[in-house]
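Below: the structure, in structure tokens.
The values are calculated or read from the model by the stated rules, or taken from the named source; none is laboratory data. Only a predicted model underlies this, so the values are computations on that prediction, with no experimental measurement involved. So basically every Cβ, Gly included, is an ideal-geometry build from the backbone, and we count neighbours across all protein chains shown. Side chains are part of the model used for accessible areas, which takes the heavy atoms of the whole protein and leaves out ligands, DNA and RNA. Shrake-Rupley method; radii C 1.70, N 1.55, O 1.52, S 1.80 Å.
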Amino acid sequence: MDMQQNGMMDAARTILAQNDRGGYTVPTARLYPFQWNWDSAFVAMGFATYDIDRAYRELERLAEGQWDDGMIPHIVFHAPSDTYFPGPEVWGTRHRIPTSGITQPPVFGMALRHVHEAAVATGRTDAADRTLKLFRSALLSHRWWMSARDPESRGLVSILHPWESGSDNSPAWDEALARVPTSTETVIRRKDTGHVDASMRPRDEDYQRFIHLVDVYRGCGWDPMRQWEAAPFKIADVQMTGILARATADLLVLARSIGKAEDQRELEQMHQLLTDGLARQWRADLSRFVSMDLISGQDITAPTQACFIPLVAIALSDNQRDAVRAELRRWLDGMAVGVPSTAPFSPAFEPKRYWRGPVWAVVNWLIADGLRLNRCEDLARDIENGTVKAIEKAGFCEYFDPTTGEGLGGGTFSWTAAAYMVLSRRD
Ligand code: GLC
């Protein structure tokens, strides 16, 4: 590691220390002042590079927010803050610790395996005990996913709110979201545009629809089956399913060393169902995987990063692999840094607006992992190196403009720091 990398590594650790609120890490101060689900999973993997105890703590604190039905919410409101909307009073959920009522990509299982293996490698004696408790939480949450979000057993899990996807205002949701009314029972008091320029954030109209959905689900008493029936927005999402399938494979590895035989069988069945479901979403004419709008019954063909995420979970055929490589190269062509969250050749591409073009370090981390699993090391390495260089140039920003490499959004972002810790150590 050279001097610059050493300095950056220290800076990354400082960010995690500054964003620490007592065993959990906020994504960034003020803009996101609570614990976010998938952010914390990535952060735990960052901690695992130098502080195993803290890595476990991050996941344990996230699990404190888990509901009795197994759902791990997208936000855990451990302590009050008035710099974010919508807060606990809008969600109106009944968990012991206030939480939101929706979820986020289940990176938890992937992170748990990562932390466990790092713990075993350093000879920690408490690894098996701590992992086992978290394994139970993860398994419960995967059961929730299968029953609450794939009740028709398609092998694809659905999101009922764009925020669940982690890619809040992706063009993938445009058509489906346009059907959601803008009327709300809740008075909207946006805080995000007070921290970050409005031109980079979702539009007001999108926000009204986001809150309309929260109002509908709160009206269902947060009951999963009532929500499934009432949902005006329901998308079988390949990004979510890809991550869930991968996390299931990771839990299976853990089950073999610390779980029971019946856990293994259950996880194997889940994994088979999900990978079969994903395989059916490949569209050879587009060279991509596509999500499905369950209300219109249509494929979602908007070219977004989600199309590449199934690589983390399934083995591509040779033809598919060639097609994905060519497609990814097309997306990277002419970009200062890739992978853009929306293809640059798409009319929806906006290089600075949130999930409509910008590059996210953690998305690159997933795509690169998927490429490595599918024996595309060269492309994986290009994406990893590009991400590390972008961070070295622009800092630990929330995301980057792919056309210029400029750092945008929140400035001292936890998961960008974690991505740096993990990706800069790869060769
Ligand atoms: C935004 C992102 C989401 C992330 C959160 C906290 O809502 O879209 O993916 O988890 O910020 O960083």
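With r defined as the distance between the Cβ atoms of A261 and D69 and R0 fixed at 30 Å, what FRET efficiency is calculated, to the nearest 0.05?
Numbers: r = 25 Å, r/R0 = 0.84.
My answer for the efficiency is 0.75.
Taking segment 279-385, which chymotrypsin sites (Phe, Trp or Tyr not before Pro) meet the DSSP loop condition and have no more than 15 other C-beta atoms within 10 Å? Could you put the intermediate results ahead of the total?
On the way: sites: W282, F289, F308, W331, F345, F349, Y354, W355, W360, W365; in loops: F345, F349, W360.
Sites meeting the loop and neighbour criteria: F345.
Can you tell me the length gained on complete extension of the stretch K133 to D299, counting 0.36 nm per residue apart and subtracting the Cα distance?
Length gained between K133 and D299: 55.9 nm.
What nm distance separates the two modelled labels at T125 and V253, each placed 7 Å from Cα along Cα→Cβ?
So the label points at T125 and V253 sit 2.7 nm apart.
Using a 1.4 Å probe on the protein chains only, how many percent of the accessible area of segment 284-427 belongs to carbon and sulfur?
Reported share for carbon and sulfur atoms: 47 percent.
Using Cα-Cα distances under 8 Å and only pairs 6 or more residues apart, what relative contact order does the chain have, in percent?
17 percent
Apply the Karplus parameterisation 6.51 cos²θ - 1.76 cosθ + 1.60, with θ equal to phi minus 60°, to every residue of segment 302-314 and state each ³J(HN,Hα) to the nearest whole Hz, in sequence, with x for glycine and proline.
Here the 3J(HN,Hα) series is 3, x, 10, 3, 4, 4, 9, 5, x, 4, 5, 10, 10 Hz.
What do you get for Rg/Rh over segment 157-247 if you use C-alpha atoms and the Kirkwood form of Rh? Please list the in-between numbers first.
Details: Rg = 13.8 Å, Rh = 14.1 Å.
Radius of gyration relative to Kirkwood radius: 0.98.
Only Cα pairs within less than 10 Å get springs; with that Gaussian network setup on the chain, which residue of H114, H161, H142 has the largest fluctuation?
Looking only at H114, H161, H142, the biggest GNM fluctuation is shown by H114.
Over the chain, with a Gaussian network built from C-alpha contacts below 10 Å, which listed residue (D204, D318, D168) shows the highest mean-square fluctuation?
For the chain, modelled as a Gaussian network with Cα springs under 10 Å, the answer is D318.
Convert each backbone phi in segment 105-119 into a coupling constant with the Karplus relation 6.51 cos²θ - 1.76 cosθ + 1.60 (shift: θ = phi - 60°), then list the ³J(HN,Hα) values in order as whole Hz, x for Gly and Pro.
Result, rounded to whole Hz: x, x, 5, 2, x, 5, 5, 4, 4, 4, 5, 4, 5, 5, 5.
If I model a spin label as a point 7 Å beyond the Cα along the Cα-Cβ vector, how far apart are those points for S147 and S317 in nm?
3.7 nm
Amide H neighbours of R288 under 5 Å, counting only residues 5+ apart in sequence or on other chains, H built in-plane at 1.01 Å?
Correct list: R283.
Fully extended, how many nm does the chain gain between R329 and C220 (0.36 nm per residue separation, minus their Cα-Cα distance)?
34.8 nm
Please list 3J(HN,Hα) in residue order for segment 30-35, calculated via the Karplus relation 6.51 cos²θ - 1.76 cosθ + 1.60 where θ = phi - 60°; whole Hz, with x for glycine and proline.
Working through the residues one at a time gives 6, 5, 9, x, 10, 8 Hz.
Estimate the FRET efficiency between R280 and M3 by the formula 1/(1 + (r/R0)^6), using the beta-carbon distance for r and 41 Å for R0, to the nearest 0.05.
Given R0 = 41 Å and the Cβ-Cβ separation, E is 0.25.
Using modelled backbone amide H atoms (1.01 Å from N, in-plane), which distant-in-sequence or interchain residues come within less than 5 Å of N19's amide H?
Correct list: empty.
Check I97: other-chain or 5+ apart residues with amide H under 5 Å from its amide H, H built from backbone geometry?
Placed amide hydrogens put nothing under 5 Å from I97.
Does anything in segment 196-231 have its amide N under 11 Å from the 7 Å Cα→Cβ label point of E185, and if so which residues?
214-222, by backbone N distance to the label point.
Once every DSSP H run of n ≥ 4 in the chain is given -39500 (n - 2.57) and the sum is divided by its residues, what mean residue ellipticity at 222 nm do you get, rounded to the nearest 500 deg cm²/dmol?
Values: 17 runs with 212 residues, N = 427.
Result for the chain: -15500 deg cm²/dmol, rounded to the nearest 500.
Can you give the accessible area per residue of segment 1-46, in Å², using a 1.4 Å probe?
Ligands and nucleic acids excluded, the figure is 37 Å² per residue.
What distance in nm separates the two pseudo spin-label positions at A79 and E392, each 7 Å out from Cα along the beta-carbon direction?
If labels sit at A79 and E392, their model points lie 3.6 nm apart.
With an 8 Å cut-off on Cα pairs and a minimum separation of 6 or more residues, tell me the relative contact order of segment 286-427 in percent.
21 percent
With an 8 Å Cα cut-off and a minimum separation of 6 or more residues, compute the relative contact order for segment 300-374 in percent. Spell out each step's value before the answer.
Values: 83 pairs, mean separation 29.4, N = 75.
About 39 percent, as a whole number.
Post the alpha-carbon centroid distance, segment 357-427 to segment 2-18, in whole angstrom.
16 Å
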